[in-house]
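No lab work stands behind these numbers, since they all come straight from the coordinates. As the structure is a prediction and not an experimental result, all values here were calculated from the model.
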Amino acid sequence: MDTQLENKYFNFDNYNILILGGNSGFGFEILKLFSKYNNKILIVGRNSSKLAKAKSSFENNYKNKKLLTFKSDLKTENNVKSLFKLIKSKKINKIDIIINCIGINKRNSIEKLNYKDWQDVINTNLNIAFLVSKYGLPFLKKSKFPRYINFTSIFSTVSFEDRTPYSSSKGGLLMLTKTLAIEWAKYNITVNSISPGPFLTELNLPVLQNKKNYQAFCERIPLKRFGNPEEILTSILFLCSKYSSYVTGSNIIVDGGWTSK
């Protein structure tokens, strides 16, 4: 891309960017994407070793050294409150972009799932987004070009066997996104979602490790392959740009054509 065009439409210097799940998968790719700019990046994860690895990689490979890591399990309201209190204690009063990449999946038929499986998926994939939205809003209000992005899934609009809690949580997350887009329009905060199809991420390891199952999945995809995590990044740039200020309540599907069949 022409440097002048990039500087005009995709310049994130002096931004504060919060990435939930920024220590692995899509979140880590997004961390690398924004690391080229002169900004401050905050990542949140549950796994200390993954956070340390992400921080080490970031500091060794990128010029931007303004990375803050926070270890937290956000499935309780008190933990989410504590996270934003801690962020404020770091003299960060505004957040320009919040990207929620957190998600888990428990695959089984409803006969074999127990209620705890259901609760775990709903708490992680939907309740965290509600809590982060609620307590992150005061920080977004102070931004000039505030952006909020949820990672949903193609299974927020279509479904598949053995995905009862996952599809239910992602469908709820899609509607949470759309509702917030309406509620927050008065603050000029855009709220959008990205729905990935099958990608080569940790979340899909159970599929990837079963060669027969993997091939069966690929046959359902018009492009006949899983996506690479970096193939999501142009959608992130588009939604986060200050020039995408009229895009809100939208859901960008990145699925190799899966939902077109």
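Quick rundown of the values:
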item	result
Percent RCO, i.e. relative contact order, over the chain, from Cα pairs under 8 Å lying at least 6 residues apart	18 percent
Computed P(r) (all Cα pairs; the range 1-112; 5 Å bins; percent)	2, 10, 20, 22, 18, 11, 7, 4, 3, 1, 0, 0
Rounded, prolate or oblate (a/c below 1.5 giving rounded, otherwise prolate when a/b exceeds b/c) for the range 156-261 by Cα gyration tensor	prolate
Rounded, prolate or oblate (a/c below 1.5 giving rounded, otherwise prolate when a/b exceeds b/c) for the range 64-193 by Cα gyration tensor	prolate
Cα pair distances of the range 116-173 binned at 5 Å [whole percent]	4, 18, 24, 19, 14, 10, 7, 3, 1
The chain: angle of helix 48-61 to the longest principal axis, Cα-based, in degrees nearest 10	60 degrees
Cα pair distances exceeding 21 angstrom across the range 52-133, given as percent	47 percent
Stokes-Einstein D for the chain, Kirkwood Rh over Cα pairs, 37 °C, 0.692 mPa s (µm²/s)	174 µm²/s
For the range 7-48: rounded, prolate or oblate by the Cα gyration tensor [a/c cutoff 1.5]	prolate
Volume in Å³ per residue [convex hull over Cα atoms, computed for the range 164-209]	79 Å³
